[in-house]
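The values are calculated or read from the model by the stated rules, or taken from the named source; none is laboratory data. This structure is a prediction, so every number in the text was calculated from the model and none was measured. Ideal geometry is used to build each Cβ from the backbone, glycine not excepted, and the neighbour counts take in all protein chains shown. Remember, those area values only see protein heavy atoms, side chains included, never the ligands or the DNA or RNA. Shrake-Rupley method; radii C 1.70, N 1.55, O 1.52, S 1.80 Å.
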Amino acid sequence: PQNAWLALMQATLSTEGYKRVLAEWAADDQLATESSGGGPGGGQLQYGRQYYWVAIIGTPSETDPWQWQWGGHHVTVNATIAGANLALTPSFIGVQPASYTDANGATVRPLGDIEDEAFALVNSLDATQQKAAILGTTYVDLVLGPGQDGKTIQAEGLPAAQMTADQQAALVKLIAHYTGLANDAAAATHLAEVTSTLDQTYLAWYGSTTQGEAAYFRVSGPAIVIEYSPQQMGGNAASHIHGIYRHPSNDYGASYTGVEIA
């Protein structure tokens with residue numbers, strides 16, 4: 001049954017998205033090893049791949065809307081499927097530890113490309129741009145994380161309209177790691193929505209601009225909200241990341257199903 005489920009996930013996600021999700025999932029096994037399976041300070045959370053869950057909502061259909069949900073401690077994917085349409089928003093894209101060594105001795109950073117590109121982007125900004133984008137010297141928590149469905153966020157920071165062409169391209173590449181969680185067709189659809197309103201899409205940054213240190217970033221616009229948030233709990237905040245990927249008007253496929261999330 002697990003292999004059949006993974007085959008469904010593989011068909012729904014892109015190659016990059018599937019590899020990323022599996023790497024985040026495997027990080028939880030590493031966390032379980034480090035913490036003897038319990039939460040920090042003797043908490044009740046239990047870590048490891050065996051503590052992830054699957055739900056199917058509705059009846060799988062080639063025409064009628066249905067959903068699947070998969071997730072656990074640091075990664076959750078919500079997929080709404082309606083005919084040829086697919087929405088993966090909202091999904092929780094986090095990891096702890098942010099870097100680990102796999103069974104083959106290779107270093108794995110499930111969100112490493114996202115981290116690298118975000119720091120490169122903020123450091124490509126000139127002083128005037130950074131003044132607009134960097135809103136605080138300390139990282140902050142998720143604003144639209146779990147439990148915040150149906151809520152909106154005021155755009156803040158630096159609009160893409162005030163970025164150079166190269167910076168805009170870097171922003172789109174960063175965004176594409178999130179839209180690109182989905183298979184190619186769905187990813188192209190969402191990314192096209194984002195790029196059509198790119199001038200109204202903002203980058204906000206809280207925390208250090210030195211890579212390796214803890215920093216929060218948010219990308220928000222008419223067609224997307226991304227948050228990346230270090231967490232104090234569990235040691236090095238830069239190694240404990242919570243993240244969210246949302247669509248302001250299409251969470252849970254609302255625009256495909258006609259069902260709004262309040």
**Message:** Which lysines, if any, have their Cα less than 23 Å from the Cα of Lys131, not counting same-chain residues under 8 positions apart?
**Reply:** Lys173
**Prompt:** Per residue, what accessible area does the chain have, given a 1.4 Å probe and all protein chains present, in Å²?
**Reply:** 46 Å²
**Message:** How big is the dipole moment of segment 19-139 about its Cα centre under a simple scheme where the beta carbon of each Lys and Arg is +1, that of each Asp and Glu is -1, and everything else is neutral? Debye, nearest 20, please.
**Reply:** 160 debye
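Ignoring ligands, DNA and RNA, what percent of the accessible area of segment 64-152 is carbon or sulfur (1.4 Å)?
On the way: 1880 of 3790 Å².
Carbon-and-sulfur percentage of accessible area, whole number: 50.
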**Complete:** Treating only Lys and Arg (+1) and Asp and Glu (-1) as charged, each at its beta carbon, one finds that the chain has a dipole about its Cα centre, in Debye to the nearest 20, of 200 debye
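Hey, what number do you get for the chain at 222 nm if only DSSP H runs of n ≥ 4 count, each worth -39500 (n - 2.57), divided across all residues, to the nearest 500?
On the way: 7 runs with 84 residues, N = 262.
Using -39500 (n - 2.57) per qualifying helix, the result is -10000 deg cm²/dmol.
For a protection proxy built on the mean count of beta-carbon atoms within 10 angstrom, sort 54-67, 117-130, 9-22, 147-160 highest first, please.
For the peptides 54-67, 117-130, 9-22, 147-160, the packing ranking is 9-22, 117-130, 147-160, 54-67.
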